[in-house]
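Can you read through this structure? Questions will come right after.
The values are calculated or read from the model by the stated rules, or taken from the named source; none is laboratory data. All figures in this text were calculated on a predicted structure; none of them were measured in a lab. Counting neighbours? That spans all protein chains shown, and the Cβs are built from the backbone with ideal geometry, glycine included.
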Amino acid sequence: MEYRHTILQKHGYQVVALTRDADPAYAPDEVIGYAVVTDSGAKLRDEPSLEEARLYMEQLLEDLQPERADDARPRRRRSVRPKRSGPTR
């Protein structure tokens with residue numbers, strides 16, 4: 001059984017270090033590999049090094065860039081009409 005230790009987390013993805021021991025304390029000398037997973041826990045890809053896992057996650061984020069850019073566009077402001085002064089009818 002493998003245990004996942006989150007190393008990086010960005011926009012719905014994580015790079016995790018994999019160890020055989022289920023000890024929650026992270027020990028770099030016990031790492032057997034790395035993986036890119038979704039925030040929901042689905043493993044997308046195993047990688048032999050932290051750098052390769054990080055690069056794969058960055059590629060996923062670049063592929064999503066147009067979608068994220070659409071979500072980040074400025075929202076249209078509602079116009080605010082000045083209050084009328086004077087007697088009310």
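Here is a yes/no grid of residues against (1) in a strand (DSSP E or B); (2) at pLDDT below 95; (3) exposed (fewer than 10 other Cβ atoms within 10 Å of the Cβ); (4) of a type in the set (V, I, T):
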position	(1), (2), (3), (4)
L8	yes, no, no, no
V16	yes, no, no, yes
A25	no, yes, yes, no
R77	no, yes, yes, no
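Then there is this: For region 27-44, how many residues meet the condition of being under 15 Å from the mean Cα position of the chain (by Cα) and part of a strand (DSSP E or B)?
Matching residues across region 27-44 total 6.
Of all residues in region 53-65, which are surrounded by fewer than 16 Cβ atoms within 10 Å (Cβ to Cβ) and either under 22 Å from E30 (Cβ atoms) or in contact with a strand residue (DSSP E or B) (Cβ under 8 Å, 6 or more places away or on another chain) (or both)?
The answer is L61, and nothing else.
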